[in-house]
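Colleague: Quick one: structure below, then a few questions.
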Amino acid sequence: MKRIVIFASGSGSNAENIISFFSEKPQAEVVAVLTNKSSAKVLERCDRMGVPGFYFNKPAFRESDAVLRLLKGLEADLVVLAGFLWKVPCYLIEAFPNKIINIHPALLPKYGGKGMYGDRVHQAVKENQETETGITIHYVNENYDEGAIIFQAKTKVDPSDTPETIAQKVHQLEYEHFPKVIEKVLS
Ligand code: GAR
């Protein structure tokens, strides 16, 4: 049984979707969710779903090996960033080579980089009158949103779309594809 650890900073609707997906699969399970925000809604979801949730702060993440020790203790096979907003430090990338993946709510390399996350991405897509957007699932390297791309899926943006409706379309793509891509990466 492969062991997935999710990192999430906010609502955690992707985390919940991934936990549900793998709860019915024999080959992998989500063993924990780690968050950098003690008030994140994702922790409520974890409680409800019976998955342990852990909080860490910035010094623990950047200046200690606490998170590394936690991941080793959890025997993580794959780390999945699902709405996690901090840059992953090099020591973690080196400890888990090609074992950390991220989802980004746009078609990278467009709309990536520092400060480009969540609704900010959808606002920029709207402002630039894009006719399509989508999701990118990629390996994590030392730069924001620059690791090798594993999977992309597109959706149309209509002139009547708002940042909110674009976000809904993108979330639908995330819910549909992210668990299946994780399953493939683990196989
Ligand atoms: C998702 O749309 C994810 O792609 C995005 O944050 C959202 C989290 O939603 N991630 C980024 O922007 C990373 N740069 P959720 O908390 O409901 O899963």
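The values are calculated or read from the model by the stated rules, or taken from the named source; none is laboratory data. Predicted, not measured: the structure shown is a model, and the values here were computed from it. Note: ideal-geometry Cβ built from the backbone for every residue, glycine included; neighbour counts use all protein chains shown.
Colleague: Do any residues in segment 111-133 that are within 9 Å of the ligand (Cβ to nearest atom) have Cβ atoms under 6 Å from those of residues that are modelled with pLDDT under 95 and not in a loop (DSSP other than H, G, I, E, B), where the two are at least six apart or on different chains, and which pairs are they?
Modeller: From segment 111-133, no pairs qualify.
Colleague: Within segment 97-110, can you find the residues that are over 16 Å from the mean Cα position of the chain (by Cα) and surrounded by 15 or more Cβ atoms within 10 Å (Cβ to Cβ)? Give the steps one after another, and end with the answer.
Modeller: Keep residues of segment 97-110 that are over 16 Å from the mean Cα position of the chain (by Cα), which gives 97, 109-110.
Hit for segment 97-110 is Lys110, nothing else.
Colleague: Against the condition within 14 Å of the ligand (Cβ to nearest atom), touching a residue at least 12 places away in the same chain (Cβ under 8 Å), not aromatic (Phe, Trp, Tyr) and not in a helix (DSSP H, G or I), how does Ile101 come out, does it pass? Steps first, please.
Modeller: On the way: within 14 Å of the ligand (Cβ to nearest atom): yes; touching a residue at least 12 places away in the same chain (Cβ under 8 Å): yes; not aromatic (Phe, Trp, Tyr): yes; not in a helix (DSSP H, G or I): yes.
Yes.
Colleague: Quick one: in segment 34-72, which of the residues that are within 17 Å of the chain's Cα centre (by Cα) and of a type in the set (Ser, Thr, Tyr) is surrounded by the fewest Cβ atoms within 10 Å (Cβ to Cβ)?
Modeller: Applying the filter and picking the extreme gives Tyr55.
Colleague: Could I ask something else about it? Quick check, is Gly12 surrounded by 13 or more Cβ atoms within 10 Å (Cβ to Cβ), of a type outside the set (Asp, Glu), in contact with a Lys or Arg (Cβ under 9 Å, 6 or more places away or on another chain) and in contact (Cβ under 8 Å) with a residue 40 or more places away in the chain? Explain how you work it out, then say what you get.
Modeller: Numbers: surrounded by 13 or more Cβ atoms within 10 Å (Cβ to Cβ): yes; of a type outside the set (Asp, Glu): yes; in contact with a Lys or Arg (Cβ under 9 Å, 6 or more places away or on another chain): yes; in contact (Cβ under 8 Å) with a residue 40 or more places away in the chain: yes.
The answer is yes for Gly12.
Colleague: Report whether or not Phe84 is of a type outside the set (D, E, K, R) and under 18 Å from Thr35 (Cα atoms). If you could, list the steps in order and put the result at the bottom.
Modeller: Details: of a type outside the set (D, E, K, R): yes; under 18 Å from Thr35 (Cα atoms): yes.
Answer is yes for this residue.
Colleague: Identify the residue in segment 140-181 that is basic (Lys, Arg) and surrounded by fewer than 16 Cβ atoms within 10 Å (Cβ to Cβ) and, among all such residues, is nearest to the chain's Cα centre (by Cα). Step through it out loud before you land on a result.
Modeller: Let us first name the residues in segment 140-181 that are basic (Lys, Arg), namely 154, 156, 169, 180.
Next, only the ones that are surrounded by fewer than 16 Cβ atoms within 10 Å (Cβ to Cβ) stay: 154, 156, 180.
Numbers: Lys154: 18, Lys156: 22, Lys180: 14 Å.
Result: Lys180.
Colleague: Step by step: first the residues of segment 1-60, then only those that are assigned to a strand (DSSP E or B) and within 12 Å of the ligand (Cβ to nearest atom), then the one that is nearest to Pro179 (Cα to Cα). Which residue is that?
Modeller: Residues of segment 1-60 assigned to a strand (DSSP E or B): 2-7, 28-35, 53-55.
Filter once more, keeping what is within 12 Å of the ligand (Cβ to nearest atom): 6-7, 33, 35.
Details: Ile6: 12, Phe7: 14, Val33: 15, Thr35: 19 Å.
Checking each candidate, the answer is Ile6.
Colleague: Something else: Is it the case, given these coordinates, that Gly53 is at pLDDT 95 or above and on the phi < 0 side of the Ramachandran plot?
Modeller: On the way: at pLDDT 95 or above: yes; on the phi < 0 side of the Ramachandran plot: yes.
So Gly53 fits the description; yes.
Colleague: In the list Val140, Val181, Val170, which residue meets the criterion of being among the β-branched types (Val, Ile, Thr) and in contact with a Leu (Cβ under 8 Å, 6 or more places away or on another chain)?
Modeller: Going through Val140, Val181, Val170 in turn, just one is among the β-branched types (Val, Ile, Thr) and in contact with a Leu (Cβ under 8 Å, 6 or more places away or on another chain): Val140.
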